[in-house]
Amino acid sequence: MNSYGILAKFDSPKSLMHAAEKVRDEGFEKFDCHSPFPIHGMDEAMGLKRSKLGYLIGFMGMSGALFGFGLQSWIHSIEYPMNISGKPFFAYPAYAIITFELMVLFSAIGAVFGMMFFNRIPRFHHPVFYSEKFSDVTSDAFYVSIEVDDPKYKESSVIDFLKDIGGTEIEVLKDEI
Amino acid sequence: MNGHAIKSKAEIRAEKLLPGNQNFTTITEDIAGVPEQKKTPIQWWLLFGFALSLLGIFAGSVGFLIWEGTGVWGINNPVFWGWAIINFVWWVGIGHAGTLISAILHLFRQNWRNAINRFAETMTLFAVICALVFPGIHVGRIWVAYWFLPLPNQMGMWPNMRSPLIWDFFAVFTYFTVSLLFWYTGLIPDLATLRDRAKGIKKKVYGFFALGWRGGNRQWQHYELAYLVLAGISTPLVLSVHSVVSSDFATSVIPGWHTTIFPPYFVAGAIYSGFGMVMTLSIIARKVYNLGHIITVEHLDKMAQIMLLTGCMVGYAYSMEFFVAWYSGNPYESFAFVNRALGPYWWGYWAMIFCNVVVPQFFWFEKYRRHIPFLFITSILVNIGMWFERFVIVVITLHRDFMPGAWAMYNPTIWDVSIYLGTFGLFFTGFLLFLRFLPMVSIAEAKLVLTESDPHHGEDHE
């Protein structure tokens, strides 16, 4: 039976945020605050850096636009120039719309799959799921979890610390066998 | 100003949108309770049976169309575009409310949208599917519909990227894909809620699609950014889609189509009809599933206000078209518009004016905006009106263009009607399955309306 971390319950978004600030100030790094909905200001409370997802989306958007414009120019100027009603082969104003659409399409794909990549999902196993009661986190409960990988992790002291900052129902996460 | 008896503005607003004593637990119970029902309500089965029979009509009619060819429709020379294009534009228009509600209202921080966005997004998905059916089948040789795609092939054949019809293909296809991604991203936390409450096989299925979501802030951080960016890029997208649809018409030289007002006018009409459809569906759903305390009269009132605004914009466009036709001094252009109002299809024009310009004027009065039976009837009239608008644009414009020798009347056939009715089967089958198995209101976002979700709730501001 291995232990993976410790879970403590808090009763409101407010207490979860104050707890996050204290956990951060104590110097823990491998911890997370779980809630049924995003809590405004939690990133600062946990001391998280800004998400880098924006750069990925920007890169994807630009590739989409370049791809769209390049595809159209290549088709009508190089691959098969065809005279239709005497219009120019390189009719760049007419390419604006598909360029725009592909920029949006690529950015959206970048946003969703980039979000999954940064969040490391799909991931169907995680220590927090060893807890029976954790399932109410998607309804009305708020938890702090501290993982065993954290350099400051020491089971007894972490339990005391979480109790000190107002955590209840403290549980050590263990696998079943 | 910090006495506890005095309610803050935020609290008053939250109470209007989520009346009664609601908290995180009750919101989860009420919304997740619908797809978790052990017994499916009898109304659902009745509607589903009806939708399935329409779907059967759809399959049969489309099958016959593919077998026999587009000659089974009433299209003729000069009315080459008949109901297929009318229905395409109509369904795409309806599909606009979803992204408008989820994206634009999200950017404007209108949190009342949290009760209706899931609903509207789902409606968008199925409406766009119904719309995409028409360009697919109206090409006649449906087995080569993939020629739309820029695929390298042995014939050296490419789509003409300078043609608005291909822009339209890209615009609607992108719109569908982005709406699907947006919808699914919004669903992930709710699927996790359903996973955590379900047992057995359901738990596995919901769990698979929830991707192992655990609600940690390290996840929410990226999630929120992705959601914000999706809203940001969907906003110009939703405005572009119907603009591009309108360029199918506006880039031609037909009098009545060749106008620069088309893009904004089409977008306003699309939002108008989309809100009409959201209104119709939400009035039914809140009644059948007793969700009157989550989708409240307050929400319906706000939707009616947007319908009033867009209805007036559409009305302005109608009158401006007439003015410009006269002001241009072009006899063909003037004739096209006089023919709309006083020609053989005058009833189509006046049905449009009545439903789209006269009816929404009632929404100036709060009494009518909060009268649910009245709203239900007007929301249906809105969509009838918007169908007639496309009828006016497509059929009335085409049937008399330049040369009187080339004029003709247009009559739809039974197959035009049956395919149109059939798309309702496609739409409602999908929508009813959604109501049965997925939460129709965003559980995570609905909670954000409660003041308790604010971590600074109850603190005094200095």
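The values are calculated or read from the model by the stated rules, or taken from the named source; none is laboratory data. Just so we're clear, the structure is a prediction, and the values are computed from it rather than from any experiment. Every residue, glycine among them, receives a Cβ derived from its backbone with ideal geometry; neighbour counts consider all protein chains shown.
Apart from one condition, residue B:19 fits all of (1) at negative phi; (2) of a type outside the set (A, V, I, L, M, F, W, C); (3) at pLDDT 85 or above; the exception is (3).
Could you pull out the residue among B:74, B:56, B:95, B:63 that is in contact (Cβ under 8 Å) with a residue 60 or more places away in the chain and closer than 16 Å to residue B:136 by Cβ? So the residue among B:74, B:56, B:95, B:63 that is in contact (Cβ under 8 Å) with a residue 60 or more places away in the chain and closer than 16 Å to residue B:136 by Cβ is B:95.
The single residue among B:365, B:388 that is farther than 23 Å from residue B:110 by Cβ, more than 14 Å from chain A (Cβ to nearest Cβ) and at pLDDT 90 or above turns out to be B:388.
Restricted to the range B:269-361, the set of helices (runs of 4 or more DSSP H) holding at least 2 residues that are charged (D, E, K, R) and over 16 Å from the mean Cα position of the chain (by Cα) comprises B:297-327, B:331-342. Residue count for the range A:24-56 satisfying the condition of being outside any loop (DSSP other than H, G, I, E, B), farther than 17 Å from residue A:162 by Cβ and in contact with a helix residue (DSSP H, G or I) (Cβ under 7 Å, 6 or more places away or on another chain): 5.
Only one of the numbered conditions (1) assigned by TED's automatic domain parsing to the domain that holds residue A:39; (2) part of a loop (DSSP other than H, G, I, E, B); (3) hydroxyl-bearing (Ser, Thr, Tyr) is violated by residue A:156, and that is (2).
Of the numbered criteria (1) closer than 21 Å to residue B:186 by Cα; (2) among the hydrophobic types (A, V, I, L, M, F, W, C); (3) over 14 Å from the mean Cα position of the chain (by Cα), the one residue A:111 fails is (3).
Restricting B:230, B:151, B:194 to residues that are more than 7 Å from chain A (Cβ to nearest Cβ) and crowded, with 20+ Cβ neighbours inside 10 Å narrows the list to B:194. From the set of residues in the range B:109-138 that are among the polar types (S, T, N, Q) and within 10 Å of the chain's Cα centre (by Cα), which is nearest to residue B:293 (Cα to Cα)? Out of the qualifying residues, it is B:122. Only residues that are within 22 Å of residue A:120 (Cβ to Cβ) and buried (at least 16 other Cβ atoms within 10 Å of the Cβ) were counted across the range A:1-15, and they come to 4. In the range A:32-62, what residues are surrounded by 16 or more Cβ atoms within 10 Å (Cβ to Cβ) and touching a residue at least 40 places away in the same chain (Cβ under 8 Å)? Once the filter is applied, which keeps residues that are surrounded by 16 or more Cβ atoms within 10 Å (Cβ to Cβ) and touching a residue at least 40 places away in the same chain (Cβ under 8 Å), the range A:32-62 yields A:32, A:33, A:34, A:35, A:36, A:51, A:53, A:56, A:57, A:60, A:61.
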